[in-house]
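The values are calculated or read from the model by the stated rules, or taken from the named source; none is laboratory data. Since the structure is predicted, the reported quantities are computational estimates derived from the model, not experimental observations. Neighbour counts are summed over all protein chains in view; Cβ atoms, including those assigned to glycine, are modelled from backbone coordinates with ideal geometry. The accessibility values were calculated without ligands, DNA or RNA, using every heavy atom of the protein model including side chains. Shrake-Rupley method; radii C 1.70, N 1.55, O 1.52, S 1.80 Å.
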Amino acid sequence: MAKEIVKTIIENKVNLDHDLEIVSFTAEESNDFNLSTFGSRSFVGKLTADQLKESRDSTGALLNGELKKVGGGLNQFPAMKDMQAEKKAFIELHIEQGKRLESADISMAVIHSVVGTYRSFIKVIGEPNHSGTTMMVNRIDALTAAAEMILEVERYCREKGNVVGTVGKIAVTPNAANIIPGEVEFILEIRAEKEETIELAVNSIQEVWAEIMKKRGVQLHKEVILDQKPVVLDQELAAIFENTARQMNEPYLTLPSMAVHDAAHMASITRSVMVFVKSIAGKSHCPEEYSEPADIEKAGNLILHGIINLDRALPETKDQLQVNNK
């Protein structure tokens, strides 16, 4: 889409006062290095070369070595800092990954904020033992304790409605049919629009977890691995894109993004805005992920005309506008 927008600007000989460039950040999604939005976080300095020099994946491979295989490397991090000052604005187009647009039968949305995301690594420690000879009353089963803890995450978030909670990764040890699980590891994730909502959810869930631990005789180890605060995107830029949609006579919604995207990190160094395009059935991260060409075209035209309007609204400099290539 970003290439098509730039091509259209060139073909129609539209003169811009600002340079326009396409960027495709690597590893926006969660990955085996536990470094989601790796590219944008590295670019803005939230991840440094020193922090990452010992980073490894589940096979033990060093991140730096894997970056070198594709022509990169931690030694190139200083160059990114030098490029930050010239970025005047960042515009990102993304599928919604939800059902809000589809439910409203509207093709696109202008995004005014990005939710915060909290993740913690949890280890539940019980006592492994023989599944046949250990009577139920004598068991300290890490898996049944973890199951009850995970269900509490679901219960709390369903009741509150303004927060979502997920346990999407879990590992059981020793993971054998005839041995009571001695350890369970999982990752807790909480997302919400407001920082205080996330904090309340984490504290409330952990209070119930403490009761479960006491009742079942298990121990718990916790390590916070991600604590991204909610981000308010540039409201003036959002207003420009909303006005552009009205000029195009196209309906739109204004929404918060329930997923963290590169725009949330780019907002720390420049003005950022996002546009969502409708997702069919809200499917994402699966073969069924799909957006209709007609919806994509409308969102692309919003970005195109929004860039032109934004270019006119910003001071005349040679700083760059960035379009995220999704």
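Among the numbered criteria (1) more than 30 Å from R312 (Cα to Cα); (2) at pLDDT 95 or above; (3) of a type outside the set (G, A, S), which one does L226 miss?
(2)
For segment 293-302, how many residues are open to solvent by 60 Å² or more (accessible area, probe 1.4 Å) and without any contact (Cβ under 8 Å) to a residue 60 or more places away in the chain?
Residues meeting the conditions: 2.
Of all the residues that make up segment 248-270, how many are touching a residue at least 60 places away in the same chain (Cβ under 8 Å), more than 27 Å from G165 (Cβ to Cβ) and of a type outside the set (A, V, I, L, M)?
Adding up the residues that qualify gives 4.
When segment 2-22 is examined, which residues are found to be part of a loop (DSSP other than H, G, I, E, B), more than 28 Å from D82 (Cβ to Cβ) and not β-branched (V, I, T)?
Our first condition is that a residue be part of a loop (DSSP other than H, G, I, E, B); within segment 2-22, this holds for 12-18.
Those still in the list that are more than 28 Å from D82 (Cβ to Cβ) too: 12-14.
Listed by number, the residues that qualify are N12, K13.
Residues are listed down the side, and each one gets a yes or a no for (1) modelled with pLDDT under 95; (2) within 21 Å of the chain's Cα centre (by Cα); (3) in a helix (DSSP H, G or I):
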{"site": "V153", "(1), (2), (3)": "no, yes, yes"}
{"site": "V164", "(1), (2), (3)": "no, yes, no"}
{"site": "G168", "(1), (2), (3)": "yes, yes, no"}
{"site": "I187", "(1), (2), (3)": "no, yes, no"}
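Going by what's in this entry, would F25 be described as part of a helix (DSSP H, G or I), among the aromatic types (F, W, Y) and either open to solvent by less than 40 Å² (accessible area, probe 1.4 Å) or at pLDDT 85 or above (or both)?
When the stated conditions are applied, F25 does not pass them.
Go through segment 91-111 and give me each residue that's in contact with a strand residue (DSSP E or B) (Cβ under 7 Å, 6 or more places away or on another chain), surrounded by fewer than 20 Cβ atoms within 10 Å (Cβ to Cβ) and not in a helix (DSSP H, G or I). Let's see the steps before the verdict.
Here is the first cut: in segment 91-111, the residues in contact with a strand residue (DSSP E or B) (Cβ under 7 Å, 6 or more places away or on another chain) are 91-96, 100-101, 104, 106-111.
Among the residues that remain, those that are also surrounded by fewer than 20 Cβ atoms within 10 Å (Cβ to Cβ) are: 100, 104, 106.
Hit for segment 91-111 is I106, nothing else.
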